[in-house]
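S.K.: Submitted below is the structure of interest, expressed as C-alpha cells.
Please treat every number below as a calculation from the coordinates, not as lab data. Remember, it's a predicted structure, so these values are computed and weren't measured experimentally. Neighbour counts are summed over all protein chains in view; Cβ atoms, including those assigned to glycine, are modelled from backbone coordinates with ideal geometry.
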Amino acid sequence: MKLVNSDSTMSDQSVTNDYSQELQEFVLKQKKKAYTKVSMTKARMVKKVPLYYRISDTEWEIYKQPEISISEMRVDQNRLPELYILTRDKAEAAQEAQAIVNQHIQAKLKEGDVESVREGLVVIADELLDEPRSGTYKEAEKSVILVMRAFSRKQDILGQIISISCKDYTTALHSVNVMALMLGFCNFVGYNWQKTIQFSMAALLHDVGKTLIPKKILAAPRKLTNEEFNAIKRHPCLGAQILMNNGITDQRVVQAATEHHEKVNGTGYPKSIKDVSLVGQLVGIIDIYEALTNNDRPYRRAMPPKDALRILVEESNKGAFVYGLVDRFIESLCDPRM
C-alpha cells in the first residue's frame, strides 16, 4: 500500500486553486479591457460603431448595431442603460464624435454663441487627449481652423472664450484655454497660418501625459505630497511617449509636451535642460498664466491676471525664459482683440 503525503496533496490542490482563481481574474480583467464605457452624450452621437450593454461581470450584449444612431432606434432616450463600445473602436468613435461636434461649433460660431463654442472645444480636446490618433488630431485641427477663421471676422472671440467661467475645471478645459491664448499670441506677433496651427495644436496637446497620471492626484483637494508631485512631474515624458506611440510626430507638438516645464536657466523639469524650444517656452509661459488665473486646484484660489503676470516677470528676470518673451506675451494680452 502506497502512503500519500496529505500535506503535499493539500498544498498542490491549493496551488491549483490559486492558479485557477488568478486565471479567472486575468480573463475577467481582459474582458473588461475589451469594452470601454461611453458617456450618454457620446453614445447619442456615434453611428458607425456598435454599442453594448453589460448583463453580468463577464458578459456584454449588443444594444445598437453599426451604421444606425440611437435616435433612429425606437427606444426611450431618457432610460438608456450604461453603454459601452469595443476598446478597439475607441479611435473611430472619438473621430466621429469630434466631426459632429465640429459641425455644432461651426453653427454656433455663426450664431455668435461663444459659450456653446467653448463647450464644443472642450469635447474636442477631451476626445483628443483620451485618444490622440491621427484621425482625432485632424478633427482637432479643423476646430482650431474654425476658431481662427471666426477670429478673423470677430476679433474679440478668443477673449470671450477664455473669460467664460466654469465650475468644473478639467485638463481639457485648461488645454482649450491655453490653445486660445496661444492662438491670440500667434496672431499678435504675425505668425503665418501653418505655424499658428502647429503652435495651437501644441498648446492643445501639451498636457496629454496627464491622462496617465492617477485622477486622485490630479484632483487632490489639498497640496500635493512630494511623492505625488514627483508623479505629476512624469507627465511631460509620458506625453511625448503617448504622441510618438500614436503616430503624432510633429516636432513642435512633441517639443511642447516634453518641454513646457523646462526653463532656459536649467531649473525646470523633467530633464533640467537649457536648450528649450520656442514653442516649449511659449506653452510653458501660457500654461503658468492660465493655471494661476483659474481655479486649477480646489485649495488654491484664482489670482488676478496682474499678480500672475508679476510672477511670470519675476521668473523671466531669473532667466527662466528667453529675454523679452514674457513681455511679448503680456503685450498680446493687452491687444484689444483679447
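S.K.: Report, to the nearest 10°, how far helix 171-189 tilts away from the longest principal axis of the Cα atoms in the chain, using its own Cα long axis and a range of 0 to 90°.
M.R.: The angle comes out at about 30 degrees.
S.K.: Could you calculate the FRET efficiency of K33 with T170 from 1/(1 + (r/R0)^6), where r is the beta carbon distance between them and R0 is 25 Å, rounded to 0.05?
M.R.: 0.55
S.K.: What does the convex hull of the Cα atoms come to per residue for the stretch 94-208, in Å³?
M.R.: 85
S.K.: Follow-up. Gap in Å between the Cα centre of the stretch 138-189 and the Cα centre of the stretch 75-123?
M.R.: 18
S.K.: How far is helix 278-292 tilted, in degrees, relative to the longest principal axis of the Cα atoms in the chain, given as a value from 0 to 90 rounded to the nearest 10?
M.R.: Here the helix axis deviates by roughly 80 degrees.
S.K.: Roughly what angle does helix 325-334 make with the longest principal axis of the chain, taking Cα atoms, 0 to 90 degrees, to the nearest 10?
M.R.: The two axes meet at around 80 degrees.
S.K.: Give the long-range amide H neighbours of W60: residues separated by 5 or more places, or on another chain, with amide H under 5 Å away, using H modelled in the peptide plane at 1.01 Å from N.
M.R.: I55
S.K.: Plugging the Kirkwood radius over Cα pairs into Stokes-Einstein for the chain, at a temperature of 10 °C and a viscosity of 1.306 mPa s, what D comes out in µm²/s?
M.R.: Estimated via Stokes-Einstein, D reaches 71 µm²/s.
S.K.: How far apart, in nm, are the 7 Å Cα→Cβ label points at L278 and K154?
M.R.: So the two model labels end up 3.1 nm from each other.
S.K.: Please compute the contact order of the chain in relative form: average sequence separation of alpha-carbon pairs under 8 Å and at least six residues apart, divided by the residue count, as a percent.
M.R.: Taking the mean separation of contacting Cα pairs over the length of the chain, I get 12 percent.
S.K.: Let me ask something additional. Whats the longest run of the chain with zero chymotrypsin sites (Phe, Trp or Tyr not before Pro) that are DSSP loop and have at most 10 other Cβ atoms within 10 Å?
M.R.: Of all site-free stretches, the longest is 1-298.
S.K.: Here is a further query. Cβ neighbours within 10 Å, averaged per peptide: list 254-260, 303-309, 126-132, 38-44 in order, most packed at the top.
M.R.: Descending packing order for the listed peptides: 254-260, 126-132, 38-44, 303-309.
S.K.: Okay, next question. Starting from the Cα of A302, step 7 Å along the direction of its Cβ; do the same at V322; then give the gap between the two resulting points in nm.
M.R.: 3.1
S.K.: Using the structure shown, list the pairs from K47/K108; K142/K195; K42/K142; K90/K210; K216/K263 with a Cα-Cα distance above 24 Å, or answer none.
M.R.: Among K47/K108; K142/K195; K42/K142; K90/K210; K216/K263, the Cα-Cα distance tops 24 Å for K216/K263.
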